[in-house]
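Notes to accompany the following structure.
None of the figures in this text is laboratory data; all of them are computed from the coordinates on show. All figures in this text were calculated on a predicted structure; none of them were measured in a lab. Cβ: placed from backbone, ideal geometry, glycine included. Neighbour counts: every protein chain shown.
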Amino acid sequence: MSTTPGNRLAWIDEELASLEAAGLRRRLAVRSGPQAVRIVLGRQKLLNFGSNDYLSLAADPRLVDAATDAAGHEGWGSGASPLVTGCGESHRQLQEELARFEGTEAALLCCSGFAANAGTIAALAGPGDVVFSDRKNHASLLDGCRLSRADVRVYPHGDWRRLDRLLAKAGGYRRRLIVTDGLFSMDGDLAPLRELADAAERHDAMLLVDEAHATGVFGRRGRGVAEHLGVEDHIDVRIGTLSKALGSVGGFVVGSRALIEWLVQRARPYVFSTAPPAATAAAAVAALEIVRDEPRRREGLLGRADRLRDQLRGQGWDVGTSASQIIPIIVGQPDRAMELSARLRQRALFVPAIRPPTVPDGEACLRISLTAGHTDEMIGKLLVALADI
């Protein structure tokens, strides 16, 4: 044989060098200790403005205790797919609590939010169908569209009028499916769900909304943007994650019993993945109780986010169309975002730089992610540093 395995992979070095030159190469940052508003990265103590732990529950003792008790009772690994022997009592309880929390007939627990999105879209649409996707949807939604093997039509971000025109031309397809984030994870803005729901009704299309970044934060009961905008009853499929505001691990789908039963039969990431550990399900049940009993967490968080956006605009920063706890500072080029992130880190502030392909070319940014644990004093330190740089 003329080449070795190492030589056949030599092209990777060139590609990595290209990423490095463009300011797009990523490196792992290892955290010591719990995920919280104060973290240690590479032995440096930092104020953390980069976490999706929106309600500051990831290290909450109530979640830790619930997980510990469940692990003692059910063990750690699930050992099999849910459809074999992997579904335990904690999984069943969580699915029941999710359906009750979301006000739906049933719920399905998945190993991740990515798996929930990819598996659900591919189970609902296929060859002969068409899927309409917002241009700034999360990668898991985009990959679900591709995996479905349906025709995919991408509409400009938030442009429901353009979507309506595309739907009007799609009458020849067997099924039509609209997929969108409820709260967009990089821009921090909300989908126009009222208008999307109206378009879905006019054109007999299914509507799927991913509430990953809104669950626990938006809505009177913390159910997400659909509740916040009063359109829950007009959405066919709602998807969420346990790994952000709920401080645990996994994803979920809620809706009708028929929908959940169909996903049990056809959602491949669910059927062919080992179930999450029972301990993570128990922690999520504890988190749902906190969301229900402590609304001040989300109310205070959104109030602080409103004030911070106003203050950032006052300093002259471009925060785009953010309307949530996610606030981008849009600076354009990757090297500029990396420079600003590094200068903030020198002042013991962790604000990650977000670069393509996570955001479109020309939209590199610092992504400020507020949590319920951030105090006015902490936010004040960030504002002073941003003003200085």
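Of the residues 160, 200, 330, the one whose Cα sits farthest toward the positive end of the charge dipole of the chain, with +1 on the Cβ of Lys and Arg and -1 on the Cβ of Asp and Glu, is 330.
Taking only the Cα atoms of the chain, the ratio Rg/Rh comes out at 0.97, with Rh defined as the Kirkwood radius.
A simple spin-label model places the labels of residue 9 and residue 174 4.1 nm from each other, with each point 7 Å out along Cα-to-Cβ.
Report for the chain the percent antiparallel among DSSP-assigned beta bridges with both residues inside it, nearest 5.
Given both bridge residues lie in the chain, the antiparallel proportion sits at roughly 55 percent.
Averaging Cα coordinates gives a centre for region 310-363 and one for region 235-291; these two points are 31 Å apart. The modelled label-to-label distance for the pair residue 335/residue 257, using points 7 Å beyond Cα in the direction of Cβ, is 6.2 nm.
When shorter helices are ignored and each DSSP H run of at least 4 residues is given -39500 (n - 2.57), the per-residue value for the chain at 222 nm works out to -12500 deg cm²/dmol. First select every other residue whose beta carbon is under 15 angstrom from the beta carbon of residue 100; then total the charges, Lys and Arg +1, Asp and Glu -1. So the surrounding residues net to -2. With a simple spin-label model that places each label point 7 Å from the Cα along the Cα-to-Cβ direction, the separation between residue 85 and residue 159 comes to 5.4 nm.
What is the order of 228, 374, fewest Cβ neighbours within 10 Å to most?
228, 374
Sort region 200-277 into rounded, prolate or oblate with this rule: let a ≥ b ≥ c be the square roots of the eigenvalues of the Cα gyration tensor; rounded if a/c is under 1.5, and if a/c is not under 1.5, prolate when a/b is larger than b/c, oblate otherwise. Note, shape of region 200-277 comes out oblate. Between residue 20 and residue 346, residue separation times 0.36 nm minus the direct Cα-Cα distance comes to 115.2 nm. Within a straight-line Cα-Cα reach of under 28 Å, residue 169 can be paired with the following lysines, leaving aside sequence neighbours fewer than 8 residues apart in one chain: 136. Taking only the alpha carbons of region 72-124, we obtain Rg and Dmax values of 12.4, 38 Å in that order. Its Cα gyration tensor gives region 111-165 an equivalent ellipsoid, and the semi-axes of that ellipsoid, as √(5λ) in whole Å with the largest first, are 19, 14, 7. Ranked by the mean number of other Cβ atoms within 10 Å of their residues, highest first, the peptides 280-289, 252-261, 354-363, 183-192 fall in the order 280-289, 183-192, 252-261, 354-363. Using the alpha-carbon positions of region 250-367, Rg (one decimal) and Dmax (whole number) come out as 19.9, 54 Å. Extent along the principal axes, Cα only, for region 119-197: 34, 26, 16 Å, with the longest axis given first.
The ellipsoid equivalent to the alpha-carbon distribution of region 61-293 has semi-axes of 30, 19, 13 angstrom, derived from the gyration tensor eigenvalues as √(5λ) and listed largest first.
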